[in-house]
Amino acid sequence: MSWRIRMNVVSSTRHLNHSWNKPGIQFNLIDSISQQRKMTYQCVNMKRSLPKEITSSITAEKKKHKSSTESPSFVLVCGQNICGQLGLSTNIIERRKPQYLKIVNNFNIDENIQSIYAGGMHSCALTITGHVYTWGCNDDGALGRITDDIDDEYMPGLFVLPEEIKSICAGDTFTVALAKSGRAYISGCFRSSEGILGLFEYKQIVQKPIMIPLNQTIKQIACGADFCLLLTENGDLYSFGNNEIGQLGRDAHLEIQDNFSIWLRPSQIPSFQEQNILNIWAGGHGFFALTQNSTIHLYACGANSFGQLGHPSKQPIYSPVEIQRFPCLDKIIKISCGLQHTLILDSMGYVHGLGRSDDGRLGNDLANDIIIPKQINNLTNIFDIAAGGSVSFVINQNAQIYSFGMGDTCQIGHSNEDIFIPTLVKSKQLEQRNIQHISVGAQHTLFLVKEER
């Protein structure tokens, strides 16, 4: 995966905003309210002159917060903060244990978070009111907002959108938000082995979110490091982004391989035109699709250099192939893809791993690649899994977190030592709190938690 470790905190180059009007595709940049370039997140007890409709909306929002009896959800973070991906102050380099991240709106009210997503070097959070906050590296426009200085990147700020959002997703250098209407918005760009690939046009970087040009209602989005999948209400599966090693599922030999604009425009994946798609999962440089007609089938494509797709060949897979050696396909609940390994969660609460196994990322001390999914010992009653670059997390029914894998980035919540056996993550910040979800980036981890009642 093309994750970048940025050693210089302040980038010397800032990308300019772009707009296009290309034949066949119309791009409309989303302007922020009152043409503001950024939102301010410090309340200073001063009178504001706002339109009545905005004031009414804010008043309703305050009442909603006060009247809510449900315990709000919030975010904990750990790992590296070199690019502000933890959302903590600029003088914090790393956090080895989960730490509380304060996300507040423009009136200093704590936001109630419903979902989180970690990109390569940036982070996203979605509130229960459908607003999106982003923070971290913005060199390629992934935050969807203009950041004039480094402090802006280290502070959660609004990813301004024209409608209510229901889910979020991110890759290494881009962020996607899916609205309740079925429209999706994206900012940033895709990268390839040669550097910036572009978004919808070659070498283009989009710093403010634009709508993905697709004339279908989108119901699910999955993001890999450098590509994106769109599953529509009609059951069609589209892909766009980088296709160097087959991650788009569109045979590169059938396309003009040097014509990157073909990769960058959402196009239907031919293999799934007659398939009933149940679910999709993406990560690293590959993806899985679970389908069912008369029986259930699992397909995969992309990079398979360590057998992480479960196919015996370790060559890139350019067109989706059926994976036949997965146990109990009808019991698969979730698949989470790291950089070179994969976790599978079944309905019995067991976790299976495959792909690269060194550094403990598959919960053992083996050195050989695992091609056929192997159940990870001592993990039972698991309800969620998360795989990152070289690390893995699981959450059991008792809301306990176990992690394992490479410790260099401090993102597994223990120390900077590799963990080869799933180990309980202990922290005062996790006590008396229910863990709802975990998302893992290149060097950091996000935890969505709620106070116990």
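Scoring residue 225 on the criteria (1) under 18 Å from the mean Cα position of the chain (by Cα); (2) surrounded by fewer than 22 Cβ atoms within 10 Å (Cβ to Cβ) leaves a single failure, condition (2). Listed by first and then second residue, the pairs linking a residue in segment 141-161 that is farther than 20 Å from residue 211 by Cα to a residue that is in a loop (DSSP other than H, G, I, E, B) and of a type in the set (Ser, Thr, Tyr), with Cβ atoms under 7 Å apart and 6 or more places separating them unless they lie on different chains, are 150/90; 151/90; 153/147; 154/89; 154/90; 155/41. The residues on offer are 399, 386, and the sole one that is of a type outside the set (Ser, Thr, Tyr), touching a residue at least 24 places away in the same chain (Cβ under 8 Å) and on the phi > 0 side of the Ramachandran plot is 399.
The residues of segment 285-301 that are touching a helix residue (DSSP H, G or I) at 6+ places or on another chain (Cβ under 6 Å) and surrounded by 19 or more Cβ atoms within 10 Å (Cβ to Cβ) amount to a single one, 298.
I need the full set of residues from segment 112-133 which are over 23 Å from residue 192 (Cα atoms), buried (at least 17 other Cβ atoms within 10 Å of the Cβ) and touching a helix residue (DSSP H, G or I) at 6+ places or on another chain (Cβ under 9 Å), in order please.
Answer for segment 112-133, where residues must be over 23 Å from residue 192 (Cα atoms), buried (at least 17 other Cβ atoms within 10 Å of the Cβ) and touching a helix residue (DSSP H, G or I) at 6+ places or on another chain (Cβ under 9 Å): just 112.
Table: residues versus (1) small (Gly, Ala, Ser); (2) over 15 Å from residue 96 (Cα atoms); (3) without any contact (Cβ under 8 Å) to a residue 60 or more places away in the chain; (4) not in a loop (DSSP other than H, G, I, E, B).
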position: 372; (1), (2), (3), (4): no, yes, no, yes
position: 379; (1), (2), (3), (4): no, yes, yes, no
position: 395; (1), (2), (3), (4): no, yes, yes, yes
position: 409; (1), (2), (3), (4): no, no, no, no
position: 417; (1), (2), (3), (4): no, no, yes, no
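Does segment 242-262 include one or more residues that are under 21 Å from residue 159 (Cβ atoms), buried (at least 22 other Cβ atoms within 10 Å of the Cβ) and not polar (S, T, N, Q)? No, there is no match, as no residue in segment 242-262 is under 21 Å from residue 159 (Cβ atoms), buried (at least 22 other Cβ atoms within 10 Å of the Cβ) and not polar (S, T, N, Q).
In this structure, residue 358 does satisfy being touching a Ser or Thr at 6+ places or on another chain (Cβ under 9 Å), crowded, with 20+ Cβ neighbours inside 10 Å and of a type in the set (Asp, Glu).
Bear in mind these aren't lab numbers, they're just calculated from the coordinates by the rules spelled out. Note that the structure is predicted; figures quoted are calculated from it, not measured. Reconstructed Cβ throughout: ideal geometry from the backbone, glycine too, with neighbour counts over all protein chains shown.
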